[in-house]
Amino acid sequence: MKRLYIKPNAEVIKEGDFGNCAYIVESGSLEVSKINDQTHKQVLGRLKENDICGELGLIDGLPRSATVTALENCTIKVLTKEAFDSLTRTKPNALIPIFKVLAGRLRSTLKQIGCASN
């Protein structure tokens, strides 16, 4: 996988843009945020080593749902659409960690809005 070296405050993903890859944090940390009412920034979370972002775009092809910004110097690995599609065909079990991340984020969101139990 290709590696990218990101400087602090650099945007890795911009909400609303289209993307064809996901990123896996190798070192450093990233902030995930959304802009509400076109002015207010809401921090949704922080990503650290081995976390993934941008995976929704690989799965549904829709615009990015949040902005991801480097909090410090970061090294990230790029998971391309081609590599993802190849995994779905040849090693589908390798995708289970991605689906676990998605399920965990959905549960966390439901808990935040009061729709889920522990």
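The values are calculated or read from the model by the stated rules, or taken from the named source; none is laboratory data. Here the structure is a predicted model, which is why all the values come from computation and not from measurement. Note that we place each Cβ from the backbone using ideal geometry, even for glycine, and neighbour counts take in every protein chain shown. Heavy atoms of the whole protein, side chains included, go into the accessibility calculation; ligands, DNA and RNA do not. Shrake-Rupley method; radii C 1.70, N 1.55, O 1.52, S 1.80 Å.
Per residue of the range 100-114, what does 6.51 cos²θ - 1.76 cosθ + 1.60 with θ = phi - 60° give for ³J(HN,Hα)? Whole Hz please, x for Gly and Pro, Karplus curve as stated.
So the Karplus estimates, Gly and Pro as x, are 5, 4, 4, 5, x, 5, 5, 4, 4, 5, 4, 5, 4, 9, x Hz.
Per residue, how much accessible surface does the chain expose to a 1.4 Å probe? Answer in Å², no decimals.
The answer is 66 Å² per residue.
For the ranges 90-101, 65-76, 26-37, 48-59, what's the packing order if you count other beta-carbon atoms within 10 Å of each residue, average per peptide, and put the highest first?
Descending packing order for the listed peptides: 65-76, 48-59, 26-37, 90-101.
Report the Rg/Rh value for the chain, based on alpha-carbon coordinates and the Kirkwood definition of Rh.
Reported Rg/Rh, Kirkwood definition of Rh: 0.97.
Return the whole-Å distance between the Cα centroid of the range 88-114 and the Cα centroid of the range 31-70.
Rounded to whole Å, the Cα centres lie 15 Å apart.
Using 7 Å Cα-to-Cβ label points, what is the S65/Q42 separation (nm, one decimal)?
Placing both labels 7 Å along Cα→Cβ, they lie 1.3 nm apart.
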